[in-house]
1. Could you tell me whether B:ASP92 is in contact with a Gly (Cβ under 9 Å, 6 or more places away or on another chain) and either surrounded by fewer than 22 Cβ atoms within 10 Å (Cβ to Cβ) or on the phi > 0 side of the Ramachandran plot (or both)?
2. Of all the residues that make up segment A:195-212, how many are more than 23 Å from the chain's Cα centre (by Cα) and either at pLDDT 95 or above or not basic (Lys, Arg) (or both)?
3. Of all the helices (runs of 4 or more DSSP H) wholly in segment A:183-234, which have at least 3 residues that are closer than 23 Å to B:PHE233 by Cα and of a type in the set (Val, Ile, Thr)?
4. Could you tell me how many of the residues in segment A:78-103 are part of a helix (DSSP H, G or I) and either in contact with a Phe, Trp or Tyr (Cβ under 6 Å, 6 or more places away or on another chain) or without any contact (Cβ under 8 Å) to a residue 12 or more places away in the chain (or both)?
5. One residue is enough: does segment A:121-130 have a residue meeting the conditions modelled with pLDDT of 95 or more, touching a Lys or Arg at 6+ places or on another chain (Cβ under 7 Å) and farther than 17 Å from A:GLY366 by Cα?
6. Before we move on, is A:LYS144 within 14 Å of chain B (Cβ to nearest Cβ), under 24 Å from A:VAL243 (Cβ atoms) and part of a helix (DSSP H, G or I)?
7. Taking segment B:263-278 as the search range and keeping residues that are modelled with pLDDT under 95, more than 30 Å from A:GLY133 (Cβ to Cβ) and surrounded by 15 or more Cβ atoms within 10 Å (Cβ to Cβ), which one is farthest from the other protein chains (Cβ to nearest Cβ)?
8. Just to be sure I understand, how many residues within segment A:399-423 are surrounded by fewer than 18 Cβ atoms within 10 Å (Cβ to Cβ), of a type outside the set (Val, Ile, Thr) and either part of a strand (DSSP E or B) or touching a residue at least 40 places away in the same chain (Cβ under 8 Å) (or both)?
Amino acid sequence: MKLAITNGRVIDPSQNLDGDYTTFAENGIVTSIHRNKKVPPGFEILDAKGAIVSPGFIDLHTHLREPGFEYREDIVSGAKAAVAGGFTTILCMANTKPVNDNASVTEMIIKRAKEVGLARILPVGALSKGLQGKELAEIGEMVKAGAVAISDDGMPVMHGKLMRHALEYAKSFGVPVITHAEDLTLSDGGCIHEGKVSTALGVAGIPEVAEEAMIQRDILLSKLTRHRLHVAHVSTETGIEMVRQAKKKKLPVTCEVTPHHLMLTDEACLEYNTHAKVNPPLRTRQDCAALIEALNDGTVDAIATDHAPHSEDEKSVGLGCSNFGLIGMETALPVLLKLVHQKKITLKKLIQLLTMGPARAMNLKGGSLKKGSPADITIFDPNRPVTIDPNRFFSKSRNTPFAHWRLKGKVLYTICNGKVVFSS
Amino acid sequence: MSLSVRHILSVNDLTKKDCALILKTAQNMEEISERSVKKVPILRGKTILLCFFEPSTRTRTSFEIAAKRLSADAVNISSVGSSLSKGETLLDTAKNLEAMNPDILVVRHAQSGIPHLLAQAVDCPVINAGDGMHEHPTQALLDLMTILKVKKRIAGLHIAIIGDILHSRVALSNIILLKKMGAKVSLAGPASMIPLGIEQFGVPIFYDIRKVIPSADVIMMLRIQREREADSFFPSLREYSRFFGLNKETMKHAKKDVVILHPGPVNRGVEIAPEIADGEHSLILDQVTNGVAVRMALLYLLCGAKK
């Protein structure tokens, strides 16, 4: 299978490339990029005129819900949503049923993902057995089966010594530990950010410190164990400052932020909007501004969606009782391009945070169009107007706070392993 | 010739000369255990108190046999049934024992440093028979003897110590003693069981045991205590044995003349596969035999040493 992408503006931050190039791929591998527009015979030609050609996007944080919660999402619908959003590689968290805390579940997810074949789906193994936060899961076995990181995402690891052992034990197998930083004794019972909005709505709040205290604990554990820590979905100004300081001290710490924490504040929860109920909660304008600053100064390694599908029923039980989480893979690009159109970040920076950044944070092969890289490519038009319509999502769920937003930016083609897996 | 120390508390205190003297004396003692009448009168009339405040079968029996083969009177004290369980402080017990004029106190205790404490409190020599996560000097000496008998040298050998380094007093004594005698010592095991700062003892650390096995002349496997699983140092015994256990598969990469040591008791099928523990490279039972000789030597060399 030979593919040539012509006439597009190639932006690949991994090789500091920005310009009109023709990209060639053979047998799932990028074979060359050059200015010459002439395509030798035998190549299928994809005309990307007026569009951006980027390495395939990588999402470090998704929940695909299979096995166990297929009414919310499964590997097929999740993979379809991924490629529709331009993502060619996604990591899926372990809070399935049964929990992905042993090699047999890891193998099952990898087998299903291969059968589906649209995107690269890389499982994150559980840190503790059953996400119970008590005993280590069989990390070595899961890594051998294909898990690329470990995390109890969604269930904070309250036991400090267990977190320490997890970092040490994961170090023996060379995989990073992803922390969902939350002190349950501080967030206890809260459902949105603690502040004016929570008071106005009369609902229990989650203070910033619930997140920040744990970020700091885990950074210090990373320092002690000298092992790779990735902080998921940082949402506060102080939290991101902690990561910035850790990086200054050359600690092996990386982090991600989500599109919703960059673009929305707790005011999105007004009128008891459960689609804006997410953990960590949407914070304040000041926090959004601090996160955007951190995109630009290199503190943030990746933008990840924390795609968390929930059924209509689970979101229609009031703000207090509804599940935390929102979906994001199909809205990420137009939502994030708003930052580019507002000139808060550059297009190159955005692409870096969706490609090379996450690839390096998790030590993955993709995120680049260098010769020899996997032919995972996303082609999008950053200026095409779109209106977010949840009814047209490939995801089985509809829980997005961005419904009906009028934005700019559309994925035209997604290519994974040299094959066109999505075209609009 | 006599030892430079009155007590055997840590292998740190022993000079290379001390080690040579202990091993030479032990070699002379070996023959006694091979006689039909396994007894000589050199410590007749001496009293040796075996104070095992933590359960032990192998080490206690080894000391008791060593004492008896030299005709000393060995008296056993355990924490169960002693005054300790009646609320007496450890120092009071020690003072009372000393008042009965023993010639040597052999001490095993779950708390690191107790043999040191007792050595300061009593007049007679004290032998540390294992204290907490600190040291087990007589085990290191018997390991030294076992390696030396087969390999004829220590200097230049590569010795790999594999497993739970963090909780192992055997590991610490061996690291110090073997390095002192000129061996190259490497450690391997899960990072959760490698203590912080151990690299400052001049030992390289590996998390993949396959990286250290091919060049090892001696492989020392450490016992995995089952309660460490509940404390989340590793996920399961099954996974531990898959990645950190010595078995036929991992042994394929070992030198042909490698020897395998294990301080016992062995968890068959966990840190070491039964066919390896019982196999041609294993010196596990030689260690036990040599243990008696080393302890006879120490009792002999320390008896009569007074302040």
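The values are calculated or read from the model by the stated rules, or taken from the named source; none is laboratory data. On a predicted model such as this, the values are computed, not experimentally measured, just so you know. Don't worry about glycine lacking a Cβ; one is built from the backbone with ideal geometry, like all the others, and counts go over all protein chains shown.
1. So B:ASP92 fails the test.
2. Of segment A:195-212, the ones more than 23 Å from the chain's Cα centre (by Cα) are A:195-205, A:207, A:209.
Right, trim to either at pLDDT 95 or above or not basic (Lys, Arg) (or both) and you get A:195, A:197-205, A:207, A:209.
Matching residues across segment A:195-212 total 12.
3. Details: elements: A:184-187, A:196-201, A:208-225.
Ranges flagged: A:208-225.
4. Restricting attention to segment A:78-103, the residues satisfying the condition of being part of a helix (DSSP H, G or I) are A:78-84, A:103.
Those left that are additionally either in contact with a Phe, Trp or Tyr (Cβ under 6 Å, 6 or more places away or on another chain) or without any contact (Cβ under 8 Å) to a residue 12 or more places away in the chain (or both): A:80-81, A:83-84.
Summing the residues that are part of a helix (DSSP H, G or I) and either in contact with a Phe, Trp or Tyr (Cβ under 6 Å, 6 or more places away or on another chain) or without any contact (Cβ under 8 Å) to a residue 12 or more places away in the chain (or both) in segment A:78-103 gives 4.
5. Residues of segment A:121-130 that are modelled with pLDDT of 95 or more, as a first pass: A:121-130.
Among the residues that remain, those that are also touching a Lys or Arg at 6+ places or on another chain (Cβ under 7 Å) are: A:128.
Filter once more, so that each one left must be farther than 17 Å from A:GLY366 by Cα: A:128.
Among the residues of segment A:121-130, at least one is modelled with pLDDT of 95 or more, touching a Lys or Arg at 6+ places or on another chain (Cβ under 7 Å) and farther than 17 Å from A:GLY366 by Cα, which makes the answer yes.
6. Working: within 14 Å of chain B (Cβ to nearest Cβ): yes; under 24 Å from A:VAL243 (Cβ atoms): no; part of a helix (DSSP H, G or I): yes.
No.
7. It comes out as B:GLY264.
8. To start, the set of residues in segment A:399-423 that are surrounded by fewer than 18 Cβ atoms within 10 Å (Cβ to Cβ) comprises A:403-406, A:408, A:419-420, A:423.
From what's left, of a type outside the set (Val, Ile, Thr): A:403-406, A:408, A:419, A:423.
With the extra rule that they be either part of a strand (DSSP E or B) or touching a residue at least 40 places away in the same chain (Cβ under 8 Å) (or both), the set shrinks to A:403, A:405-406, A:408, A:419, A:423.
Residues in segment A:399-423 being surrounded by fewer than 18 Cβ atoms within 10 Å (Cβ to Cβ), of a type outside the set (Val, Ile, Thr) and either part of a strand (DSSP E or B) or touching a residue at least 40 places away in the same chain (Cβ under 8 Å) (or both): 6 in total.
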